[in-house]
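Read the figures in this text as sums done on the coordinates, not as results from a lab. Computed from a predicted model, the values in this text were never measured in an experiment. Cβ placement follows ideal geometry from the backbone for every residue including glycine, while neighbour counts extend to all protein chains displayed.
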Amino acid sequence: MIKARNVHKTFKTPDRKEVKALVDFSTDIKKGEVVVIIGPSGSGKSTFLRCLNRLDEIDSGEIFIDGVNIYDKKVNINEIREEIGMVFQLFNLFPHKTVLENVTLAQMVVRKKNKEEALEVSRGLLHKVGILEKENVYPAQLSGGQQQRVAIARVLAMHPKIMMFDEATSALDPEMIGEVLDVMKTLAKEGRTMVVVTHEMGFAREVSDRVVFMDEGQIVEEGTAEHFFTNPVHERTKLFLSQIL
Amino acid sequence: MTFNKRSLITLGVLAIVTFAVYYFFSRRGITYIWHWERIPEMLFYYGGKSAEDAVPRVRMGILMIGFVLTLKISIASIFFAIIIGTIVGIARLSHEPVTRALSLGYVELIRNTPLLVQIYIIYFFVGSMLRLSAFAAGTAALSIFAGAYVGEIVRAGIQSIHKGQMEASRSLGMSYAEAMRHIILPQAFKRIIPPLAGQFISLVKDSSLVSVIALADLMFQGQQAVARTYHAFEIYFTIAFLYLVMTFTLSMATQYIERRLAISD
């Protein structure tokens, strides 16, 4: 479903230094697979997600989604993005819209659904993430965990083929991480294709099909969660795991 | 708000200063005979207008006619300034260098030349080529002038919105234009209401400059009335008050809008 080949991506920092975010990066993600990407900060994991829907642009290489080269000039990136939902670390809900409007808007603007249809879908999804009773509330009045669940419902409303989570629980207070992870686990068990950047190893162990450890823009080691917990091979992997576990 | 000892001291100082100013001017002894009784008929009067239209009824006086024209030109200019400013504000942030340079050139050119000169140029040069009426030329000049300032305010407003808002919109499949329209601009406009209000208040006051192209606005009609009656003090005080009515209403209106939009905070 996702095929990345020899992807290079370099950032320029404000002081004009070049930082290599992805170095000759290649991977394949199958339909229905739940892939967890772990790694130290600056290892390129978020960059990889952002390059998958072209929030960041790669310098060279190729990325195919469903066989379509998304960096091809003829591709309408808006159509690609409809199929790839993204959940952000800082939620990025629309603060001037109510919870219900947040979930409904893109369905009407992008999918051209009529209002009744969009509202029905939205209410169903808000119920699914357990926050329907807050449908007329503005995001500022919600806790972080509640906001992130709304953000997940907003993405689900587009019926994306792939869902990406960019450190979706990193900005949450500890007692709220569980409620968001529960929603993510439910989605994983439904057989969705998910690419999850996280430090939550419990999530990786419970629902992931594959864990990828990245460092300095490359894959250092990958395997099942079980493999990472029992016998990681590389020194860097061991060091990283000893720090986060 | 509660009155305390400090409020009393402030009021006391204010009273002393007021009395001192009054005393100073009363000793200068200008002999001016006030004719405030002539002002009401310049606002409204009852009677016939001319030999052809002699039916007596309540009619607008010279200052009120000017007031209405100032109101019209201000509203029209605010409307166009918002449109110009929004376009310029977005263009200033374009990734395309020509668009960016053009919008910057417009802003710098307009902000760094006097409005009075712009009014003359647009009326006498552009206006006579395009056969613009004085009203059209005046509205154009004021809109173009205020549009440059509004453009910078809009740009600042857009830039103040967290980039995650654009990223979230785009990642849901919205185009740049859809994201601007539904997500970025509504939030930006809410944030820029206070500086916009200041800009529009300036615009109402600056509109008095169009009197130089014989547009019969409040200022122009006031000058006519002064020339005819020599009641300069009363008339200019009245004009100032009428401008204050417009700007204060505008001020109240924007504060009302600001409160209404604060519900999502």
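Over the range A:33-156, what is the relative contact order in percent, taking alpha-carbon pairs closer than 8 angstrom and at least six residues apart? Write out the running numbers ahead of the final one.
Working: 100 pairs, mean separation 30.0, N = 124.
24 percent.
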For helix B:218-229, report the angle its Cα long axis makes with the longest principal axis of the Cα atoms of chain B; keep it between 0 and 90° and round to the nearest 10°.
10 degrees
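Based on DSSP loop calls and a cut-off of at most 14 other Cβ atoms within 10 Å, the longest stretch of chain A free of exposed GluC sites (Glu not before Pro) is what?
No qualifying site falls inside A:58-189, the longest such stretch.
Mind listing which chymotrypsin sites (Phe, Trp or Tyr not before Pro) in the range B:15-92 are in a DSSP loop and have 14 or fewer other Cβ atoms within 10 Å?
Numbers: sites: B:Phe19, B:Tyr22, B:Tyr23, B:Phe24, B:Phe25, B:Tyr32, B:Trp34, B:Trp36, B:Phe44, B:Tyr45, B:Tyr46, B:Phe67, B:Phe79, B:Phe80; in loops: B:Tyr32, B:Trp34.
Within the range B:15-92, the qualifying chymotrypsin sites (Phe, Trp or Tyr not before Pro) (loop, at most 14 other Cβ atoms within 10 Å) are B:Tyr32, B:Trp34.
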Counting sequence-distant residues (5 or more places) and residues on other chains, those with an amide H built under 5 Å from that of A:Tyr71 are A:Ile63
According to the square roots a ≥ b ≥ c of the eigenvalues of the Cα gyration tensor, what is the shape class of chain B, taking rounded for a/c under 1.5, prolate for a/b larger than b/c otherwise, and oblate for the remainder?
oblate
Please give me the summed charge of the neighbours of A:Glu57: other residues whose Cβ is under 11 Å from its Cβ, Lys and Arg +1, Asp and Glu -1.
+1
Which residues in the range B:184-208 have a backbone N closer than 20 Å to a point placed 7 Å from the Cα of B:Arg260 along the Cα-to-Cβ line?
B:184-201
Listed residues B:Thr70, A:Gly202, A:Leu241: farthest to the positive end of the dipole of the protein assembly as shown (Cβ charges):
B:Thr70
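Are there trypsin sites (Lys or Arg not before Pro) in the range B:10-79 that DSSP marks as loop and that have at most 16 other Cβ atoms within 10 Å, and which are they? Present the calculation step by step, with values, prior to reporting the outcome.
Details: sites: B:Arg27, B:Arg28, B:Arg38, B:Lys49, B:Arg57, B:Arg59, B:Lys72; in loops: B:Lys49.
Here the trypsin sites (Lys or Arg not before Pro) that fit, given the DSSP loop and packing criteria, are B:Lys49.
With the Cα gyration tensor of the protein assembly as shown giving a ≥ b ≥ c as the square roots of its eigenvalues, does the rule (a/c under 1.5 for rounded; else a/b larger than b/c for prolate; else oblate) give rounded, prolate or oblate?
prolate
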Just to confirm the filter: which trypsin sites (Lys or Arg not before Pro) across the range A:44-137 are DSSP coil and have at most 14 other Cβ within 10 angstrom of their Cβ?
A:Lys73, A:Lys74, A:Lys112
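B:Thr18 to A:Asn136: FRET efficiency via 1/(1 + (r/R0)^6), r the Cβ-Cβ distance, R0 56 Å, to the nearest 0.05? Mind showing how you got there, number by number?
Numbers: r = 53 Å, r/R0 = 0.94.
That gives a FRET efficiency of 0.60.
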Relative contact order [Cα under 8 Å, 6+ residues apart], the range A:121-245, whole percent
18 percent
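Does the range B:1-88 come out rounded, prolate or oblate, given a ≥ b ≥ c as the square roots of the eigenvalues of its C-alpha gyration tensor, rounded meaning a/c under 1.5 and, failing that, prolate meaning a/b above b/c? It would help to have the intermediate numbers written out before the result.
Details: a/c = 2.83, a/b = 1.33, b/c = 2.13.
It is oblate, given that a/c is not under 1.5 and a/b is not larger than b/c.
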Label model pair B:Leu132, B:Glu108: point-to-point distance (7 angstrom along the Cα→beta-carbon line) in nm is 2.4 nm
Between the range A:154-171 and the range A:31-83, what's the alpha-carbon centroid distance in Å?
14 Å
For chain B, take the longest principal axis of its alpha carbons; what is the angle in degrees between that and the long axis of helix B:185-206, to the nearest 10 within 0 to 90?
30 degrees
Size of electric dipole in the range B:71-207: Cβ of Lys, Arg +1 and of Asp, Glu -1, about Cα centre, debye, nearest 20
160 debye
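What average number of partner chain Cβ atoms lie no more than 10 Å from the Cβ of the residues making up A:86-96? Spell out each step's value before the answer.
Details: counts 5, 2, 4, 1, 4, 2, 10, 3, 9, 8, 11.
Neighbouring Cβ atoms belonging to other protein chains average 5 per residue here.
Inverting the mean 1/r over all pairs of different Cα atoms, compute the Kirkwood radius of the range A:1-155 and quote it in Å. Don't skip to the end; give the middle numbers.
Working: mean 1/r = 0.0571 Å⁻¹.
This gives a value of 17.5 Å.
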Chain B - percent relative contact order, Cα under 8 Å, separation 6 or more
22 percent
Under 12 Å, Cβ to Cβ, from B:Met60 - net charge with Lys/Arg +1 and Asp/Glu -1:
+2
Compute the acute angle (0 to 90°) between the alpha-carbon long axis of helix B:97-111 and the principal axis of greatest extent of the alpha-carbon atoms of chain B; round to the nearest 10°.
10 degrees
Net charge dipole size for the protein assembly as shown [Lys, Arg +1 and Asp, Glu -1 on Cβ; Debye, nearest 20]
1560 debye
Net charge near A:Arg5 (other residues with Cβ under 14 Å of its Cβ; Lys, Arg +1; Asp, Glu -1) is -3
Among A:Gly67, A:Gly44, A:Pro14 - extreme Cα towards positive end, dipole of the range A:1-97, charges at beta-carbon:
A:Pro14
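So what is the calculated 222 nm ellipticity per residue for chain A, using -39500 (n - 2.57) for each DSSP H run with n of 4 or more, over all residues, to the nearest 500 deg cm²/dmol?
Roughly -11000 deg cm²/dmol at 222 nm, from the helical runs in chain A.
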Within the protein assembly as shown, the percent of DSSP beta bridges that are antiparallel, given to the nearest 5, stands at 60 percent
How many percent of the alpha carbon pairs in the range A:107-171 exceed a separation of 14 Å?
60 percent
